[in-house]
Structure formats: structure tokens, C-alpha cells
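Enquirer: The structure's right below; bear with me while I get my questions together.
The values are calculated or read from the model by the stated rules, or taken from the named source; none is laboratory data. Because the structure is predicted, anything quoted here is derived from the model rather than measured. Every residue, glycine among them, receives a Cβ derived from its backbone with ideal geometry; neighbour counts consider all protein chains shown.
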């Protein structure tokens, strides 16, 4: 096989390493991963202020491209909670979340981030990441965790509230609507969380997030089936492939999004 073909299609070099045993293990890992990624992708999309189906697009397409053409098996090819929150925090003031204008801004921002990353890769500046201290990483991760908790309180307790881009705003809005908490929705969230934590403690070999998802979904279905309570769901999502569209190439939009693109790239 020519070196040019391997450069263009690096996954062709896998053929000598694939055996029935490794293929079976990969299929099992892929199935479990897909089951876990589906609800996560929907959550990441809503965190970013995007329609739920965009989370599925972002979880499927980049994962396939990253697996076939990626240079490392340790990189996450797809949406993450921290980037989703940063997108909402940076673009929430520029357009109404979930609107077409907001979606176009997000798509344009993604293109800009890709261009910047490509430039950094060509210039071989990726090594700069090695100079980021562990303290910064821990602080960033802890801050993202607090923002995620604050952003999801409204969903956990069944509150119909506008998504706030800041921690203080989310907590203030939540505490002013304590009387509107939906007890059964909160119960489903609590059952899901407890099932996942118990599984993680007692049966670490079984994916705890998968257990939590199954137990929580079964509990919500039982409540609805028996007529005890109607737990809100995300509903049906579009099954058709989205139409192609161009990002906004206007100079004003690119200048407006440049700080956000640079921050998300780093």
C-alpha cells in the first residue's frame, strides 16, 4: 500500500490489527458508548442553547471523523459539558438561544474555532498546552462542574425557567421559584442519581451512567403508565438529515465572535 494512501486514509493501516476478538470488544464498547452518549449529547446541546437534535449531530459526525482520521486515541471527538456552557455564556447575549440566528452564530463559531486550530496545528503550537499548570485545569474543571449543577437545577426539579448564563443568575432564579418545584420530576432525578451512585460504588465493572439512565427511564415510564404523574420529556426529535447551510461570513460577525473563538480554542 502506498504511503500517500496511508496519509490520506490512515485507518487503512488497521487491517493487520483487527481480529474477531478485538472486533467483538470494539463493537461492545461502541454499543455501550452510544447508549451513554445519546442522553449526554442531548444535555450538552441544551446546555449550549441549541435544539436537542444538534447534540446528536455533534456526537455522531465528529466521532466518526475523529476515529478514522484522528492522530490520537486519547482525544474527545465530540461535544463536552465545559465547551457547551462556554458557548451559551458567550453567545447567549448576542442572540436568543434556540433561535435560527443563535444556531447560525454557533455554526459560524465552530468554523472559526476549526480554522484557528488548523492554524495552530500547522504552526506546531500545540505544545503550548504543556505550559498550562495543573491548578488552572483543576480550577477550570471545578468551575465548570458548579456551572453545570446550577444550569441543570431547573430541569432536575421540573421548573420552566429561562436558562441563565451565570452561576449567580441561575441560583437566584432557582431560589425564587422553590414553590414551583415538581415533586415527581425531582423524584425521577433523585432515583436516577442514586441508582448511578450505588452502581458505581457496588458494581464498578458495570457502567454506572447506563444503570442510572435505565433505572430513571423505567421509573418515569412507570409513573406515566400508571397515571400517577406525567413526567415531562424532550419529545420526538427530527429524524431527517438537516439541510446544508453556510455560516455567516460577514466581517462584523467574525469580529464579534473572534474573542469567543479564541477562548474556546484554548
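Enquirer: Among 36, 68, 56, which is in contact (Cβ under 8 Å) with a residue 24 or more places away in the chain, over 30 Å from residue 147 (Cβ atoms) and touching a helix residue (DSSP H, G or I) at 6+ places or on another chain (Cβ under 6 Å)?
Expert: Matching residue, one of 36, 68, 56: 68.
Enquirer: Considering only residues that are without any contact (Cβ under 8 Å) to a residue 60 or more places away in the chain and either within 22 Å of the chain's Cα centre (by Cα) or closer than 10 Å to residue 113 by Cα (or both), which ones fall in region 245-258?
Expert: none
So that you can scan it fast, the table gives a plain yes or no per residue for (1) under 18 Å from residue 158 (Cα atoms); (2) surrounded by 11 or more Cβ atoms within 10 Å (Cβ to Cβ); (3) out of contact with any strand residue (DSSP E or B) (no Cβ under 9 Å at 6 or more places or on another chain):
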{"site": "189", "(1), (2), (3)": "yes, yes, yes"}
{"site": "195", "(1), (2), (3)": "no, yes, yes"}
{"site": "198", "(1), (2), (3)": "no, yes, yes"}
{"site": "211", "(1), (2), (3)": "no, yes, yes"}
{"site": "216", "(1), (2), (3)": "yes, yes, yes"}
{"site": "219", "(1), (2), (3)": "yes, yes, yes"}
{"site": "226", "(1), (2), (3)": "no, no, yes"}
{"site": "235", "(1), (2), (3)": "yes, no, yes"}
{"site": "239", "(1), (2), (3)": "no, no, yes"}
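Enquirer: From the list 143, 169, 121, exactly one residue is in contact with a helix residue (DSSP H, G or I) (Cβ under 9 Å, 6 or more places away or on another chain), more than 25 Å from residue 211 (Cα to Cα), surrounded by fewer than 17 Cβ atoms within 10 Å (Cβ to Cβ) and modelled with pLDDT under 85. Which is it?
Expert: 143
Enquirer: Regarding residue 122, is this residue farther than 23 Å from residue 246 by Cα and more than 21 Å from the chain's Cα centre (by Cα)?
Expert: yes
Enquirer: May I pose another question? Within region 1-33, can you find the residues that are exposed (fewer than 10 other Cβ atoms within 10 Å of the Cβ) and touching a helix residue (DSSP H, G or I) at 6+ places or on another chain (Cβ under 8 Å)?
Expert: 1
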